Each structure stands twice: as structure tokens, then as C-alpha cells.
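Asker: I'd like to ask some things about the structure below.
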Amino acid sequence: MGRPKKITPQVEKAPARLPGSFDVLPEQIMSWEVFVEKLHSLAHTFGYSKIETPLVEDARLFRFWQAGSKDKLAAFTDAKGLTCALKPTTLFSLARAYLEYQFPLREKVSKWFYTSPVAYVSDGQMRQSTEYGFQMLGETNPIADSQLINLIFRLFTEMGLPNLSLEINNIGCLECQPGYEEVLRNYFKEKKYDLCENCLELIDTHPLQILACNNLSCSTVSAEAPVIIDYLCDACRRHFIAVLEGLDELNLVYNLNQKVIGKPWSRKTVFEVRAKFENSEVTLGQGGHADDLIQSLGGLPAQALGFMGTIENVLTALESANVKFASKHKADVFLVPLGELAAKKTLRLFTDLWNNNIVASEFIGPGSIKTQLKLAESNKVAIALIIGQKEAREGTVILRDVKSGMQELFTSERIIDEVKKRLGK
Ligand SMILES: [Zn+2]
Ligand SMILES: [Zn+2]
């Protein structure tokens with residue numbers, strides 16, 4: 001009998017992450033956590049409650065989303081033949097929950113906030129991100145628009161993002177928008193030789209979307225286009241003026257921007273919040289009304305005012321602004337075991353410290369004492385507890401003051417009391 005043949009694992013290189021998806025690495029997670037924490041605390045201050053909705057819904061819920069979009073749902077058919085889809089945005093799930101649990105009977109206005117993964121297919125490619133947002137459903141007034149914008153500006157200002165801009169517009173309602181669309185249609189038909197291919201297709205169906213096209217030639221045509229403000233119905237005009245007056249009251253500066261047209265389901269006031277940098281700009285989120293949504297899903301007329309963005313975009317903006325957050329999980333002491341027996345003793349010491357409300361950071365693994373002490377210093381930990389082979393055998397621990405480098409030897413029994421004394425605990 002020969003020696004058994006050594007079995008090696010079958011190698012197949014791991015595929016890379018899908019384009020259009022994100023990993024959030026440990027070095028980025030602090031920004032993520034701080035953002036979500038601020039989102040929660042401000043949302044509660046402004047009277048919003050958290051809600052969670054499922055990732056997968058009956059695809060019919062998203063017909064509004066599909067109607068005006070080139071993007072496709074990430075859909076599949078389940079074993080019972082029902083077409084399901086990953087939610088492309090959270091709004092529709094919120095509307096469904098609002099009706100399913102009869103919130104209109106429970107309260108005049110429901111104010112919710114959320115963070116949730118979303119996914120859809122764009123240009124044949126899956127895109128996923130983590131959405132965050134605020135949503136009001138029920139009765140609202142223009143002051144609520146201003147107050148929502150106030151909340152969002154507070155959120156981003158507290159995150160340390162400079163140069164925020166508020167781009168605002170009013171795109172009318174079902175009563176006045178069709179009239180304006182007709183005016184636009186006629187205007188763009190006259191200028192059709194100056195429009196890009198994409199916009200040509202939009203003239204008949206969604207002329208409003210041409211205003212948002214960033215193609216240079218299209219932008220030039222749009223700059224001369226009739227403005228919607230002149231075509232708003234009385235209700236929309238009054239609403240818009242009240243929102244702007246509210247913003248003046250809050251000393252929030254805004255830019256009236258015809259290119260901001262919201263989503264196909266948007267009505268009345270629409271807005272975007274952007275962070276501007278020297279050579280770039282990040283859209284942190286967009287807001288507005290979806291006032292026909294609840295009714296179109298079988299509910300009684302209800303207003304829907306909200307704001308949503310992706311956390312990935314917020315992180316991109318924070319990186320561009322070079323905003324960094326320190327970890328809040330600061331250790332009190334740093335454990336430095338040298339060798340295997342010492343590492344084993346450290347397990348007990350770590351637990352004893354923990355039981356006494358002392359947070360220890362351990363580095364059980366290879367590495368010289370020098371690198372470990374450097375690590376302690378860079379983590380601003382005041383005390384290092386060193387256990388070498390000799391100390392491990394004798395049941396002692398070396399306490400080192402990281403800053404001064406002064407060292408003292410203690411027995412394992414006394415070390416906890418000594419650390420407590422030095423930490424003032
Ligand atoms: Zn109107
Ligand atoms: Zn165009």
C-alpha cells in the first residue's frame with residue numbers, strides 16, 4: 001500500500017461582485033452607521049416611525065413604476081405561477097402596507113421612515129442599492145413639504161456635508177400637467193431637429209422628461225421652453241408658493257430648476273438635494289408628492305409626500321468631502337499575549353475584564369510586541385496588558401502605561417482591581 005494521495009480542493013476562481021452592486025467594507029462602515037443613527041434620531045424627533053417592508057412583492061404592485069420607466073423589474077415567477085419582483089423602490093410597498101393594514105382609519109397622517117435594499121434591471125444589468133427615506137401618507141399641507149426639506153438639510157448638515165443645494169420645481173397635477181404637456185409637445189415638435197434620439201421618442205409620450213435631458217443641444221432647446229409656472233392650476237400654484245414661503249421662513253436657499261421633474265408618478269412640488277464638490281456633484285436624494293398613488297391602488301384619495309435616496313450615494317458624498325468618523329467602540333485596555341500559552345491565558349483575562357465592564361481589545365495572533373504596542377497607541381488605548389511565556393507560567397501580567405512606557409508586574413488575581421483603579425472605574 002502506497003501513501004494516500006493528497007487531495008487538493010478543486011479550484012474555480014470566485015466571480016467578482018456584479019457591476020451595479022456595492023460592498024461596504026469595514027473601513028467605510030463607520031460612515032454608514034453614523035448616517036443610519038442620525039437618520040433614526042432625527043426621524044424620531046420629527047415624528048416619523050420606522051417601518052420595514054419585504055424585499056419581494058407581487059409584481060403588479062409596481063405597475064406605476066414600470067409605466068414611465070425604461071428600467072425593468074427584477075422579476076421571477078414562483079412555483080404557483082405568480083409573478084414576483086424585487087422592490088425597485090420602497091414607496092410602493094409603503095402604499096400597499098398603508099392600505100393593507102387600514103392606516104387611513106387609524107390616523108390622519110402616517111409618517112414613516114425606512115432603510116431597505118432595492119433592486120431593478122437597467123440596460124440589462126442588475127442594479128441594487130440600499131434606499132433610505134421618509135414618507136408621509138394621508139393629509140399633508142405645504143408646510144409639511146418645507147418641514148421635510150428642513151429635516152433633510154439638518155440630516156446632511158449634521159453629517160458634515162458642505163455645499164448642499166436644493167433644486168426645486170413644481171410639475172403640476174393631473175388637472176394642469178396635461179395642458180402644459182401639450183404646450184411642450186408643440187414647442188418640441190418645432191425644435192425636433194435639435195433633439196437627441198432619446199428625446200424624439202419622448203415628445204408624444206413624456207415631453208416633460210425632455211426637460212431633464214442633459215444633452216447639450218436638448219438643454220439649449222429646453223432653456224427656451226415655456227415654463228410650467230405659467231401653466232399651473234390655482235391649487236398647484238398656491239401649494240408651490242406656500243412651500244417656497246416656508247423655505248424662506250427656514251432661511252433655506254433654493255434654486256428653481258426646470259430640469260428637476262421627479263418620477264412619472266410625481267405631482268406638484270418636486271425637489272432634489274445635492275452635495276457639490278470642486279469637480280463633481282452627488283445627488284443625495286429626491287423628494288416630492290405621489291398624490292395619485294393611494295387612489296390608484298384602490299384606496300380613498302390620500303396625499304403622499306416623501307424623500308428618498310441611496311446610502312451608497314451618501315457614502316460617496318462623504319468620501320468626496322473627506323468626512324471621516326472615528327469608531328465609537330473604543331477599548332479600555334489592549335491585550336498583548338506572546339506565544340501560545342500566553343494566548344490561552346488571555347482568553348480568561350479577556351472574560352474577567354469583560355465581567356468587570358472593562359472593554360479589552362485583543363490581538364491574539366502573530367505579531368511582535370512592538371507592532372502590537374504600536375497598534376495600542378494608534379488606537380489611543382491607555383493600558384496594555386502583556387503576558388509573555390514566563391508570565392503565563394507564573395500567573396502574572398505586565399501592566400504597561402502605553403503613553404509613558406512605564407511597566408509594572410501584577411498577579412492575575414490583582415490585575416483587574418489595578419486596571420479598574422487606573423481607569424477610574
Ligand atoms: Zn395642478
Ligand atoms: Zn435629449
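The values are calculated or read from the model by the stated rules, or taken from the named source; none is laboratory data. Quick caveat, the model's predicted, so the values are computed rather than measured. Here the Cβ is made from the backbone with ideal geometry for all residues, glycine too, and neighbour counts use every protein chain on show.
Asker: Suppose we filter segment 43-63 for residues that are over 18 Å from the mean Cα position of the chain (by Cα), under 18 Å from E100 (Cα atoms) and surrounded by 14 or more Cβ atoms within 10 Å (Cβ to Cβ); how many remain?
Answerer: Matching residues across segment 43-63 total 5.
Asker: Considering segment 223-240 alone, what residues qualify as being buried (at least 16 other Cβ atoms within 10 Å of the Cβ) and either among the charged types (D, E, K, R) or in the same structural domain as N141 (by TED's automatic domain parsing) (or both)?
Answerer: R237
Every residue, every condition in (1) at pLDDT below 95; (2) within 16 Å of ligand 2 (Cβ to nearest atom), yes or no:
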position	(1), (2)
I228	yes, no
L232	no, no
R238	no, no
I241	no, no
L244	no, no
D248	no, no
N255	no, no
K259	yes, yes
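Asker: Then there's this: Which of the residues belonging to segment 158-209 are buried (at least 16 other Cβ atoms within 10 Å of the Cβ), on the phi < 0 side of the Ramachandran plot, assigned to a loop (DSSP other than H, G, I, E, B) and within 16 Å of ligand 1 (Cβ to nearest atom)?
Answerer: I171, C173, C176, listed by residue number.
Asker: Of all residues in segment 19-32, how many are out of contact with any Lys or Arg (no Cβ under 9 Å at 6 or more places or on another chain) and farther than 12 Å from S129 by Cβ?
Answerer: Counting residues in segment 19-32 that are out of contact with any Lys or Arg (no Cβ under 9 Å at 6 or more places or on another chain) and farther than 12 Å from S129 by Cβ gives 6.
Asker: Turning to a different aspect of this structure: Name every residue in segment 349-397 that is in a helix (DSSP H, G or I) and touching a residue at least 40 places away in the same chain (Cβ under 8 Å), in order of residue number.
Answerer: Of everything in segment 349-397, those that are in a helix (DSSP H, G or I) and touching a residue at least 40 places away in the same chain (Cβ under 8 Å) turn out to be L349, D352, L353, L375, A376, Q389, E391, A392, R393.
Asker: Among the residues of segment 193-222, how many are closer than 19 Å to G179 by Cα and either more than 10 Å from ligand 2 (Cβ to nearest atom) or in the same structural domain as S69 (by TED's automatic domain parsing) (or both)?
Answerer: 6
Asker: Next up: Taking only segment 382-397 into account, find how many residues are over 13 Å from L341 (Cα atoms) and surrounded by fewer than 19 Cβ atoms within 10 Å (Cβ to Cβ).
Answerer: 1
Asker: Looking at Q303, is it within 16 Å of ligand 1 (Cβ to nearest atom), in the same structural domain as W112 (by TED's automatic domain parsing) and touching a strand residue (DSSP E or B) at 6+ places or on another chain (Cβ under 7 Å)?
Answerer: yes
Asker: Sort out for me the strands (runs of 3 or more DSSP E) sitting completely within segment 52-123 that have 3 or more residues that are in the same structural domain as L39 (by TED's automatic domain parsing) and either of a type in the set (S, T, N, Q) or modelled with pLDDT under 95 (or both).
Answerer: 109-122
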